[in-house]
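Report on one structure; see the data block that follows.
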Amino acid sequence: MQRTDKINYYLDITETVLERGTCLRRNFGAIIVKSDEIISTGYVGAPRGRKNCIDLGVCIREKLSVPRGERYELCRSVHAEMNAIINAPRSEMIGATLYLVGKEVKTGSYVPHPAPCSMCKKMIINAGIKRVIARTNKTDYTVTDVSEWVKNDESVEGKFGY
C-alpha cells in the first residue's frame, strides 16, 4: 500500500467537503490549512436561511446559459472559498494554504482548470492566504502563489477599459 502524499490528503478532505454543496451546476469545496491544521472548511451554498438551488430545483445561471466565470451576481450561492474565509479568523489564515476541489454536478467530473473567481481572489488576498492548491484530477493539482495575483492585478487600468 502506498501512502497518500500530504497535499492529496488535504485535497481528499476538500473533495469530501464539496459533497455538502447545493449547486445544480458545479460544486466546490475549500479548506484552509495552516501549520498542518485545518482552520476552516467551506462549500457552495445559499446564505444561511435562504433556499438552496437544489431546494428550488433551478440554477438561474444554468437556465440563462451564463458561461463559467461570468455574472456571479445572479448566483444564489456563496462560493466555497468565501464560506471557508468567513468561518475563520484572519489571524489563523495569514500564511495559510487554501485547498480547492470542484466537480461538475451532471457528470461528476473534475472542473477543468479550477481557480477562484475574481471576487474570491480578492477575499483570499485580504485574508492573508499564501497559496492556493486546486485539484485537476484525482492525483494532480496546481499550486498558485497568491502574491502572483497581487503582482498581476487584473483590475489595473487598461485591462478592462477603465
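Below, the figures for the structure above:
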{"read-out": "Cβ-Cβ under 7 Å pairs, at least 6 apart or on other chains, the range 59-80 side in contact (Cβ under 8 Å) with a residue 12 or more places away in the chain and over 19 Å from residue 42 (Cα atoms), far side of a type in the set (D, E, K, R) and open to solvent by 60 Å² or more (accessible area, probe 1.4 Å)", "value": "61/71"}
{"read-out": "Positions within the range 46-85 being hydrophobic (A, V, I, L, M, F, W, C) and in a loop (DSSP other than H, G, I, E, B), in sequence order", "value": "46, 58, 59, 64, 66, 75"}
{"read-out": "Number of positions in the range 114-137 that are small (Gly, Ala, Ser) and touching a Pro at 6+ places or on another chain (Cβ under 9 Å)", "value": "1"}
{"read-out": "Selection within the range 1-45 - open to solvent by less than 20 Å² (accessible area, probe 1.4 Å) and in a loop (DSSP other than H, G, I, E, B)", "value": "21, 22, 23, 44"}
{"read-out": "Considering residues of the range 61-93 that are β-branched (Val, Ile, Thr) and under 22 Å from residue 129 (Cα atoms) only, the residue most open to solvent (accessible area, probe 1.4 Å)", "value": "86"}
{"read-out": "The range 120-153, residues that are in a helix (DSSP H, G or I) and open to solvent by 80 Å² or more (accessible area, probe 1.4 Å)", "value": "122, 126, 150, 151"}
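The values are calculated or read from the model by the stated rules, or taken from the named source; none is laboratory data. Predicted model only: the values in this text are computed from it and were never measured. Every residue, glycine among them, receives a Cβ derived from its backbone with ideal geometry; neighbour counts consider all protein chains shown. Surface accessibility is based on the protein's heavy atoms, side chains included, excluding ligands, DNA and RNA. Shrake-Rupley method; radii C 1.70, N 1.55, O 1.52, S 1.80 Å.
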